[in-house]
Each structure stands twice: as structure tokens, then as C-alpha cells.
1. With the structure loaded, tell me whether Leu124 is of a type in the set (A, V, I, L, M), farther than 20 Å from Lys165 by Cα and in contact (Cβ under 8 Å) with a residue 24 or more places away in the chain or whether it fails that test.
2. Only one of Asn32, Asn20, Asn86 is modelled with pLDDT of 80 or more and within 19 Å of Tyr119 (Cβ to Cβ). Can you tell me which?
3. When residues of region 175-187 are filtered for being among the aliphatic types (A, V, I, L, M) and not in a strand (DSSP E or B), how many remain?
4. With respect to the numbered conditions (1) at pLDDT below 95; (2) not in a helix (DSSP H, G or I); (3) not hydrophobic (A, V, I, L, M, F, W, C), which one is the sole condition not fulfilled by Glu59?
Amino acid sequence: MRNHKIIIVALLFFSAVCVNAQPFVVKDKVINIGIGLGSTLYSGTGYKMTLPPISGSFEYGLMDLGPGVLGIGGYFGISGYKWEYNDPVYGKYGWKYSNFTFGVRGNYHYSFVDKLDTYGGMMLGYNIVTSKTIGDWPPEWNMSANSSSFAWSIYAGARYYFTEKFAAMAELGYGVAILNLGIALKL
């Protein structure tokens, strides 16, 4: 009888050691703060970034879905760009743009390794653009404009947890930023 107890205790110990703890589980709440490198918002000739995409997002672990977890949440981002031209007649002129993007995100988390939360997701939202003229425009040409449009992004991401609550975060994809780097805090 004693051998059976030793075997049971050994099996429980080894199964506990071999199980990967999921870094993101149902009911987890995580805040991401990031800065974007590269963007698809203004990619034509003459555009220069004046404010890199800075973003914040919140995510809630909604439900188990197969071997992973489905998370949902919100997103807010801001960025700035300008376009300038040096005309021989009118001088230097152009436009300065500000973007405010907000939306909802859905992520599917599947962890392969302890402390590493890997996920893929998409964001659907709205981009509010304001613009104003800059430079040596003739006074009658001085103008500004506002515009808004549907925004979306698709990405793959990972969070590496240094502690139970603090992680480094990276997302690679198409949308507001091509590469988003930052930190994540689990509430």
C-alpha cells in the first residue's frame, strides 16, 4: 500500500511540473501601452512622421475557446504626420495631419511556453483625421480639413511576463503600426 502512495505522489508532482501555466486565462484583465514603428496610414512620397503611433488597449479574458482563450477589449491610438513641398514659385508649403484611432479588439491566445502569452487578433474601429496647412501658402489658399473613416488592423502578438503582473509586449501586423512595442500590466 505504501508503494501506491509514493507512486501517486510522484505522478502528481511530475504532472504539476510538466503543466504549462497559461499566462492569459479567463477573467484576466490586461492593459497594453505601446509605441509603433512604421505605419500604413501615410506611406506615400513626402510624408514624414511627426508623432509615432502611441497606443493603449485593454483586454479581458472572455472565455475558453478550444485549447486557448478568447479575449476582447478596447483600443485607442494617436499619431501625427506631415507632408511638405518646396515649390519654386510659392515656397515651402504642405499639410500637417493628426490621427485619433479607437476601436474594439478580439484576440485568440494560445501559449506554447511558460511566461510567454502568444496571440493573434484584429481590431475594428474608427480613425478621426484632422489636417491643417503649414508653410508659405497664399492667404486665399490657407485651409484645413477634417475626415473620418473606418479603421482596421490584423496582427500577431506576444507578451513575455517578467513577473506575474508585468510583461514586455510586441505586435506585428497591418494597420495603425506595423510593429508595436511596449509593456503590459495585468490588473
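The values are calculated or read from the model by the stated rules, or taken from the named source; none is laboratory data. Keep in mind it's a predicted model, so treat the numbers as computed, not measured. Here the Cβ positions follow ideal geometry from the backbone for every residue, glycine too, while neighbour counts run over all protein chains shown.
1. Values: of a type in the set (A, V, I, L, M): yes; farther than 20 Å from Lys165 by Cα: yes; in contact (Cβ under 8 Å) with a residue 24 or more places away in the chain: yes.
Judged against the criteria, Leu124 is a match.
2. Working: Asn20 fails: modelled with pLDDT of 80 or more; Asn86 fails: within 19 Å of Tyr119 (Cβ to Cβ).
Asn32 is the lone residue from the list that is modelled with pLDDT of 80 or more and within 19 Å of Tyr119 (Cβ to Cβ).
3. Kept after step one, since they are among the aliphatic types (A, V, I, L, M), are these residues of region 175-187: 176-179, 181, 183-185, 187.
If we keep only those that are not in a strand (DSSP E or B) as well, we get 176-178, 187.
So the answer is 4.
4. Status for Glu59: all satisfied but (1).
Conditions tested, residue by residue: (1) closer than 19 Å to Leu179 by Cα; (2) among the aliphatic types (A, V, I, L, M); (3) crowded, with 17+ Cβ neighbours inside 10 Å.
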| site | (1), (2), (3) |
| --- | --- |
| Lys48 | yes, no, no |
| Gly61 | no, no, yes |
| Ile72 | no, yes, no |
| Gly80 | yes, no, yes |
| Asn99 | yes, no, yes |
| Tyr108 | yes, no, no |
| Gly125 | yes, no, yes |
